[in-house]
């Protein structure tokens, strides 16, 4: 898909669903936003059906290679919290819904960006097992894992397939934490939270709050079906146990603004921080991984300049 071919439009009804100026200011101050109903009931039903087929093994294509830190649940892993990356690439019916221009337009308003591309999509299933250790997602922020990305505007849409509240272990934000100045970070922060000690992550949150003279105010996102939450790439977030009696099903749709690109981020051992894309995406003219590769990072919104008279 070329730049000239991509020309999204919103209906008048969809334009009413965009964040207001007050909403954009709230996001800038607090680091999170609860959307209006961005997906219709039919679209949510289609997403549920498509992900059922995905879990049954249906794929339109597979990744050509397996990146080193790929999250990819399969039935052999049992009834743990499931994470499956690149579902927008592997399954066309899922990808078509995630590329809905309205989602990109909301993200563009919040990030104050002209263009929004998919960065990653992760299908999540949190089983209704209150004592399952994998159900607890400790405090972290996404930019730590995206150290090889140049942008500070990246954000995530959390898209549950049903009403999602505290009893389901909904995503929970640490209010305003995206504005904190970080201390105590080391190379371990680029490792996924599943590979790190939870107590260390709790301690890091407390130390950073104290350094900024801030209280830790945790805001559970109570999200009605068809709605979604958005959070800034530096907003601390996590989630608790699912005690609802039914699976918590959702997709984390990670989004990048049009200015984002791969950057050199050296680690203390002399290697460079990387991301799974680096083994998949095409290369730029100077040999860098291209985070604008439409095969894996399709544009879902681009602002159209007004046509002159």
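The values are calculated or read from the model by the stated rules, or taken from the named source; none is laboratory data. From a predicted model like this one, the values you see are computed outputs, not experimental measurements. Here the Cβ is made from the backbone with ideal geometry for all residues, glycine too, and neighbour counts use every protein chain on show.
Would you call residue 147 in contact with a helix residue (DSSP H, G or I) (Cβ under 6 Å, 6 or more places away or on another chain) and farther than 16 Å from residue 297 by Cα? Against the criterion (in contact with a helix residue (DSSP H, G or I) (Cβ under 6 Å, 6 or more places away or on another chain) and farther than 16 Å from residue 297 by Cα), residue 147 qualifies.
Residues checked against (1) under 16 Å from the mean Cα position of the chain (by Cα); (2) surrounded by 12 or more Cβ atoms within 10 Å (Cβ to Cβ); (3) in a loop (DSSP other than H, G, I, E, B):
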{"site": "7", "(1), (2), (3)": "no, no, yes"}
{"site": "47", "(1), (2), (3)": "no, yes, no"}
{"site": "59", "(1), (2), (3)": "no, yes, yes"}
{"site": "79", "(1), (2), (3)": "no, yes, yes"}
{"site": "103", "(1), (2), (3)": "yes, yes, no"}
{"site": "110", "(1), (2), (3)": "yes, yes, no"}
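Scanning the range 84-93 for any residue that is touching a residue at least 60 places away in the same chain (Cβ under 8 Å), in a helix (DSSP H, G or I) and surrounded by fewer than 20 Cβ atoms within 10 Å (Cβ to Cβ) turns up nothing.
Residue 267 satisfies every condition listed in (1) at pLDDT below 95; (2) surrounded by 18 or more Cβ atoms within 10 Å (Cβ to Cβ) except (2).
Name the single residue, out of those in the range 123-135 being surrounded by fewer than 20 Cβ atoms within 10 Å (Cβ to Cβ) and in contact with a strand residue (DSSP E or B) (Cβ under 9 Å, 6 or more places away or on another chain), that is nearest to residue 16 (Cα to Cα).
Let us first name the residues in the range 123-135 that are surrounded by fewer than 20 Cβ atoms within 10 Å (Cβ to Cβ), namely 125, 127-134.
Narrowing further to those that are in contact with a strand residue (DSSP E or B) (Cβ under 9 Å, 6 or more places away or on another chain): 125, 127-128, 132, 134.
On the way: 125: 31, 127: 35, 128: 36, 132: 41, 134: 38 Å.
Once the filter is applied, the top-ranked residue is 125.
Tallying residues that are in a loop (DSSP other than H, G, I, E, B) and farther than 22 Å from residue 111 by Cα within the range 255-274 yields 9. Restricted to the range 223-237, and to residues there that are over 22 Å from residue 151 (Cα atoms) and under 17 Å from the mean Cα position of the chain (by Cα), the residue that is surrounded by the most Cβ atoms within 10 Å (Cβ to Cβ) is 228.
Return a yes/no flag: does the range 158-173 have any residue that is crowded, with 16+ Cβ neighbours inside 10 Å, closer than 30 Å to residue 266 by Cβ, at pLDDT 95 or above and touching a helix residue (DSSP H, G or I) at 6+ places or on another chain (Cβ under 9 Å). There is no residue in the range 158-173 that is crowded, with 16+ Cβ neighbours inside 10 Å, closer than 30 Å to residue 266 by Cβ, at pLDDT 95 or above and touching a helix residue (DSSP H, G or I) at 6+ places or on another chain (Cβ under 9 Å). Residues in the range 225-241 that are touching a strand residue (DSSP E or B) at 6+ places or on another chain (Cβ under 8 Å), at pLDDT 95 or above and in a loop (DSSP other than H, G, I, E, B): 225, 227, 228, 233, 235, 236.
Pull up the range 9-26, narrow it to residues that are in a loop (DSSP other than H, G, I, E, B) and in contact (Cβ under 8 Å) with a residue 60 or more places away in the chain, then point me to the one that is surrounded by the fewest Cβ atoms within 10 Å (Cβ to Cβ). Once the filter is applied, the top-ranked residue is 9. Within the range 93-113, being farther than 16 Å from residue 158 by Cα and in contact with a helix residue (DSSP H, G or I) (Cβ under 7 Å, 6 or more places away or on another chain) holds for 93, 109. Take residue 29 and tell me if it is at negative phi and free of Cβ contacts under 8 Å to residues at least 60 places away in the same chain. So residue 29 fails the test.
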